[in-house]
1. Could you tell me which residue of region 57-79 is farthest from D26 (Cα to Cα), considering only residues that are touching a residue at least 40 places away in the same chain (Cβ under 8 Å) and not in a strand (DSSP E or B)?
2. With (1) outside any strand (DSSP E or B); (2) at pLDDT 95 or above as the list, and L37 as the residue in question, which single condition is left unmet?
3. Within the set of pairs 6+ apart or on separate chains, which have a first residue in region 1-15 that is over 10 Å from M66 (Cβ atoms) and touching a residue at least 24 places away in the same chain (Cβ under 8 Å), a second that is among the hydroxyl-bearing types (S, T, Y) and outside any strand (DSSP E or B), and C-beta atoms under 7 Å apart?
4. Can we say G51 is of a type in the set (G, A, S) and either without any contact (Cβ under 8 Å) to a residue 12 or more places away in the chain or assigned to a loop (DSSP other than H, G, I, E, B) (or both)?
5. I'm checking my understanding of the structure. Among residues of region 4-60 that are over 16 Å from Y78 (Cβ atoms) and among the acidic types (D, E), which one is surrounded by the most Cβ atoms within 10 Å (Cβ to Cβ)?
Amino acid sequence: MTLYEFFITYPDGEEAEIQHSLQIGDLIDINGYPLKLPLKTNKMIAYHIAGKRTQEERGVITTRYMLEQLNAFELLEYV
């Protein structure tokens, strides 16, 4: 039996467990859920997946996604 764990790592180093996988380049909210495009506003906290690291250890596959926060100017292209 293999268990899958997924974590997002915020720019400050804090981690949070999520229940789903993501793709590099995905735009997500602060809780790790993908945002629906086009965005309604650029005045929100949003991250994109900048990196991914997978580690396998004794039947547990752990995937960590490194996040980069986007500022309001960067979010304009998604509005």
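The values are calculated or read from the model by the stated rules, or taken from the named source; none is laboratory data. Here the structure is a predicted model, which is why all the values come from computation and not from measurement. Quick reminder, even Gly has a Cβ in these numbers, built from the backbone with ideal geometry, and neighbours come from all protein chains shown.
1. For region 57-79, the residue satisfying everything is G59.
2. (2)
3. F6/S21
4. No.
5. Only one residue fits best here, namely E5.
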